[in-house]
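The values are calculated or read from the model by the stated rules, or taken from the named source; none is laboratory data. Only a predicted model underlies this, so the values are computations on that prediction, with no experimental measurement involved. Note: ideal-geometry Cβ built from the backbone for every residue, glycine included; neighbour counts use all protein chains shown. With ligands, DNA and RNA removed, areas are computed over all heavy atoms of the protein, side chains included. Shrake-Rupley method; radii C 1.70, N 1.55, O 1.52, S 1.80 Å.
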Amino acid sequence: MSDIKASDAKSTFKRVKRHFSPSMALAGKFTGQGAVEAGSNGCRITLSDGREALDFGSYAVALLGHRHPAVVDAVRAQLDSMPTSTRSVLNPVPALAAETVVDYLGGTLPKVYFGGSGADVVEAAVKLARVATGRGTVIAVQGSYHGKTLGALALTHHPRFRGNLDALLGGAVHVDPEDAGAVARVLAETEVAALIFEPVQGENGVTALDPEILERWCADAKAAGAFVIADEIQVGLRRCGERSLALAAGLPVDAVLLGKALGGGIVPVSALVCSEQLYAPLAADPVLHTATFSGHPLCTAAVIPALTAIEEHVHDGVRISGEMAAGLAGIVDDHDTVVTDVRGRGLLWGIDFHTPEFAGEVQVGLAQRGLVVSTCLSRPEVLRLIPPIVATSADVAQALFLLRGSIEQACAATA
């Protein structure tokens, strides 16, 4: 549907309520202020009632904004030639994309498995680690989010996502992010296949892990023969400044997991980029772990233009980061009774409000004013601002202006 009008919104809400979830319909109606998405371009989306909204959300997918022309052209060209693969005859598109991703990360991790979602490559990495070592335990970090499929969910920490499934989520141990000796103690008690961590925990309110503790954990894990996996699905690819935070920090990782922005905001694609040792079970038996759409040509066609475009905007990312840091610092200074903290790096920022209810009031104002942000489902007092790397200084200034106005409106509403 390319011509969505205001009259389509009501029927959309009804269909979502009937076929998906009443709560989803209500939340979408609130966020869109009675409208639905009708189009997008650059940093903005167009709604069915004709309004525009500035997108500093999209859960880190739209790093290049919406419909980046180079990525659109590559995907369209692949659609016109060969959008899918027989899987019996080799296809050059995913092979070239794999080579590009390996080179992009510096060449030290030579093997690639492509998935369609972040959870796909989390599952693949952990499965390979367990097969390669013959061990069952994986160490994750308190506050972590690695996905909601059962294997990935065992590593995701927050009980909201785990529901009544704990009996099915064995083999994971979660350690305190402030405890430098925690990994060593787990290793002394059981045989560990892997350590997995997010250098910056996006879902946990944009919380960066201590670099010195990470260094100690990685060294302890490697000494015990466990693999080290950096989940950078949300924070890699220049989202937090570096191509890979773990590799830039010199951590001895066996795998970096990429996703979200890897498809250029156009198609879903993720990647496990790893060492020969971790990949060895799959090299020996290529059907040990497969998926119908792994390495899908239409999706992997986006990888090269996406990475190229990201690198073309590195200096913009530095500029935007500075503008966000300065603007948010000013907001904290002016509203320190309701804004308790601001955390961020690069193009990922978390704003802590003094209560979840106040954060909800701010969301009301943002929805009315036309700024899309991302919530933290496990920390409802935090709102995430996730600007695209293609944002102009005017876009950033507008976002900060709308945020300030929404905070002031929330203060008045709760006075």
(request) Please find, within the range 352-378, the residue that is most open to solvent (accessible area, probe 1.4 Å) out of those that are at pLDDT 95 or above and more than 22 Å from Ala35 (Cβ to Cβ). (result) Glu357
(request) May I ask you to list the residues in the range 174-208 that are under 13 Å from Ala152 (Cα atoms) and β-branched (Val, Ile, Thr)? (result) Ile196
(request) Kindly provide the set of residues from the range 279-295 that are open to solvent by 30 Å² or more (accessible area, probe 1.4 Å) and either touching a Cys at 6+ places or on another chain (Cβ under 7 Å) or part of a loop (DSSP other than H, G, I, E, B) (or both), ordered by number. (result) Asp285, Pro286, Val287, Leu288, His289, Thr290, Ala291, Thr292, Phe293
(message) Which pairs turn up if I take residues in the range 160-189 that are free of Cβ contacts under 8 Å to residues at least 24 places away in the same chain and look for partners that are β-branched (Val, Ile, Thr) with beta carbon separation below 8 Å, at least 6 apart in sequence or on another chain?
(response) Arg162/Thr156
(message) One residue is enough: does the range 314-321 have a residue meeting the conditions more than 23 Å from the chain's Cα centre (by Cα) and surrounded by fewer than 21 Cβ atoms within 10 Å (Cβ to Cβ)?
(response) no
(request) Quick one: in the range 142-174, of everything that is aliphatic (A, V, I, L, M) and under 20 Å from the mean Cα position of the chain (by Cα), which residue is most open to solvent (accessible area, probe 1.4 Å)? (result) Leu150
(request) Can you run down the residue pairs with Cβ atoms below 6 Å, 6 or more apart or on separate chains, where the first is in the range 74-98 and over 11 Å from Ala301 (Cβ atoms) and the partner is hydrophobic (A, V, I, L, M, F, W, C)? (result) Ala98/Val112
(message) Would you confirm whether or not the range 258-270 contains a residue that is within 26 Å of Gly405 (Cβ to Cβ) and of a type in the set (Val, Ile, Thr)?
(response) no
(request) Look through the range 230-263, keep the residues that are assigned to a loop (DSSP other than H, G, I, E, B), among the basic types (Lys, Arg) and open to solvent by 10 Å² or more (accessible area, probe 1.4 Å), and return whichever of them is farthest from Val121 (Cα to Cα). (result) Arg238
(request) Would you check if Ser270 is over 19 Å from Asp80 (Cα atoms) and open to solvent by 10 Å² or more (accessible area, probe 1.4 Å)? (result) no
(request) Pull up the range 385-415, narrow it to residues that are open to solvent by 50 Å² or more (accessible area, probe 1.4 Å) and of a type in the set (S, T, N, Q), then point me to the one that is nearest to Leu328 (Cα to Cα). (result) Gln398
(request) Only strands (runs of 3 or more DSSP E) wholly contained in the range 35-125 count here; list those with 3 or more residues that are open to solvent by less than 30 Å² (accessible area, probe 1.4 Å). (result) 52-55, 111-115
